[in-house]
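Asker: Okay, here's the structure, questions in a sec.
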Amino acid sequence: APHPIRLTVNGDVHDVPAAPDTALLHVLRNDLELNGPKYGCGLGECGACTVLIDGVAARSCVIPVRAAQGRAVTTLEGLGTRQRPGTTQQAFIECQAAQCGYCLNGMIMTVEALLRRNPNPSEQVLRSELHHNLCRCGTHVEIMQAAWRAVQ
Ligand code: FES
């Protein structure tokens, strides 16, 4: 059996019996049952799997779980609950920004990461930040409204 990997996720410490090269996304979803981060492309291109690592947005489908050891991982679940959504989550709920909703984890986590390092970004900065998050339903207008509301 592999040596367990120690992960801190949303403030909780877990020892996970995962192979070190396993994608962080799979450990989060399969071992820890955190299904906020989504599997989209598996290639680091769509952003559906975005989590925060030490507060910075990271694409968990291309990060081996060993690289997250000793660092603070935050998933969508760590931002708030259904009863008490975080500010960014609340903005997306209010704007009803979801079509199928599959991309929203990435959108929300990307906005959250931006706001943690720059609490007052311009719309231009916000746009360029979300530029590499893909939405196949084409709800970019609603997503931008929600993201802008989260900023304000
Ligand atoms: Fe990770 Fe697409 S699933 S970037």
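Asker: What whole-number volume per residue, in cubic angstrom, does the convex hull of the C-alpha atoms of region 1-61 give? Numbers along the way, then the final one.
Answerer: Working: hull volume 5.0 nm³, N = 61.
Enclosed volume per residue, from the Cα hull, is 82 Å³.
Asker: Per the helix-only calculation at 222 nm, which mean residue ellipticity applies to the chain, given -39500 (n - 2.57) for every DSSP H run of n ≥ 4 and division by its residues, nearest 500 deg cm²/dmol?
Answerer: -8000 deg cm²/dmol
Asker: Pull up all non-local amide H partners of residue 46: gap of 5 or more, or a different chain, and H-to-H distance under 5 Å with H placed in the peptide plane.
Answerer: Hits under the 5 Å cutoff: 41.
Asker: Okay, next question. Net charge near residue 135: determine it from the other residues with C-beta under 15 Å of the C-beta of residue 135, scoring Lys and Arg +1 and Asp and Glu -1.
Answerer: Overall, the nearby charge balance is 0.
Asker: How much of the accessible area of region 2-114, probe 1.4 Å, is carbon plus sulfur, in whole percent?
Answerer: Heavy-atom surface of region 2-114 belonging to carbon and sulfur, 1.4 Å probe: 48 percent.
Asker: Can I ask one more? Taking the alpha-carbon centroid of each part, what is the distance from region 13-30 to region 101-132 in angstrom?
Answerer: 26
Asker: Same structure, new question: List, in order, the whole-Hz ³J(HN,Hα) value for each residue of region 86-99 obtained from phi through the Karplus relation with A = 6.51, B = -1.76, C = 1.60 and θ = phi - 60°; use x for Gly and Pro.
Answerer: The phi angles translate into x, 4, 5, 4, 4, 4, 5, 5, 4, 8, 6, 6, 8, 9 Hz.
Asker: Select from 100, 68, 83 the residue farthest towards the positive end of the dipole of region 60-152; place +1 on Cβ of Lys and Arg, -1 on Cβ of Asp and Glu, and compute about the Cα centre.
Answerer: 68
Asker: A follow-up question, please. Where Rh denotes the Kirkwood radius from the mean inverse Cα pair distance, what is Rg over Rh for the chain?
Answerer: Dividing the radius of gyration by the Kirkwood radius yields 0.97.
Asker: While we're here: Please report the net charge: other residues with Cβ closer than 12 Å to the Cβ of residue 88, K and R +1, D and E -1.
Answerer: Numbers: positive: 116, 149; negative: 94, 112.
Neighbourhood net charge equals 0.
Asker: Among 11, 125, 146, whose Cα projects farthest towards the positive end of the dipole of the chain, with charges put on the beta-carbon of Lys, Arg (+1) and Asp, Glu (-1)?
Answerer: 125
Asker: Taking amide hydrogens as modeled 1.01 Å from N in the peptide plane, which residues meet the under 5 Å criterion relative to residue 16, leaving out close sequence neighbours?
Answerer: Those qualifying (amide H under 5 Å, at least 5 residues apart or on another chain) are 5, 6, 7.
Asker: Measuring with a 1.4 Å probe in the full set of protein chains, what accessible area per residue, in whole Å², belongs to region 108-152?
Answerer: I get 60 Å² per residue for region 108-152.
Asker: Another question, then. Using modelled amide H (1.01 Å from N, peptide plane; none on Pro or chain starts), what sits under 5 Å from the amide H of residue 63, excluding residues fewer than 5 places away?
Answerer: Amide H neighbours of residue 63, under 5 Å, 5+ apart: 24, 25.
Asker: What is the packing order of peptides 108-117, 89-98, taking the mean over residues of other C-beta atoms within 10 Å and listing the highest first? Don't jump to the answer; show the numbers that get you there.
Answerer: Details: 108-117: 21.1, 89-98: 18.0.
So the peptides 108-117, 89-98, ranked by packing, come out 108-117, 89-98.
The values are calculated or read from the model by the stated rules, or taken from the named source; none is laboratory data. Nothing here was measured: the structure is a model prediction, and the numbers come from that model. Note: ideal-geometry Cβ built from the backbone for every residue, glycine included; neighbour counts use all protein chains shown. Calculation scope for accessible area: heavy atoms of the full protein, side chains included, ligands and nucleic acids excluded. Shrake-Rupley method; radii C 1.70, N 1.55, O 1.52, S 1.80 Å.
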